[in-house]
Amino acid sequence: MPTPQLDQFDDKLAFVLYYENEDDANKSLLDSNLLSKIKEQKLFGHNLLLESLKYNNEPEWSLLKTATYGELFDRMVEEGTLKIAVIISGQGPVAFGMPEMFTPMQHINANRVMKKSLQS
């Protein structure tokens, strides 16, 4: 992940998308409607969205604290204040080592909207 993109996640509160394996992550991250599906299913509760916005960008929270779920979600995606960490099971120093997660990152980076919100 490039340093400027990584810096966008420093000291930020993020939601987690958990995948059992890299194949599942790749299928999901290739879906150009992933963020729309998250919004439709309301995977992140309204109050949790508000709390994460307050932590990540309090001035924006002041403007959006009475917004509907859809308005809040869309604005957070648009502004890049919705942060989502992608976790892939079995990858890391305690599991099978630290393989490069090139493919999942390419899927994230290929979508300019998701690139602002997702970190793998």
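The values are calculated or read from the model by the stated rules, or taken from the named source; none is laboratory data. Note that the structure is predicted; figures quoted are calculated from it, not measured. Reconstructed Cβ throughout: ideal geometry from the backbone, glycine too, with neighbour counts over all protein chains shown.
Just a few scattered comments:
- Any hit, the range 42-54, residues being modelled with pLDDT of 95 or more and at positive phi: yes
- Residue 14 being modelled with pLDDT of 90 or more, more than 20 Å from residue 112 (Cα to Cα) and among the hydrophobic types (A, V, I, L, M, F, W, C): no
- Considered as a group, the residues in the range 4-44 that are surrounded by fewer than 16 Cβ atoms within 10 Å (Cβ to Cβ), free of Cβ contacts under 8 Å to residues at least 40 places away in the same chain and in a loop (DSSP other than H, G, I, E, B) include one that is nearest to the chain's Cα centre (by Cα), and that residue is 43.
- Taken over the range 63-78, residues that are of a type in the set (Val, Ile, Thr), part of a helix (DSSP H, G or I) and modelled with pLDDT of 95 or more amount to 0.
- Per-region count, the range 45-69, residues of a type in the set (Ser, Thr, Tyr) and surrounded by 12 or more Cβ atoms within 10 Å (Cβ to Cβ): 3
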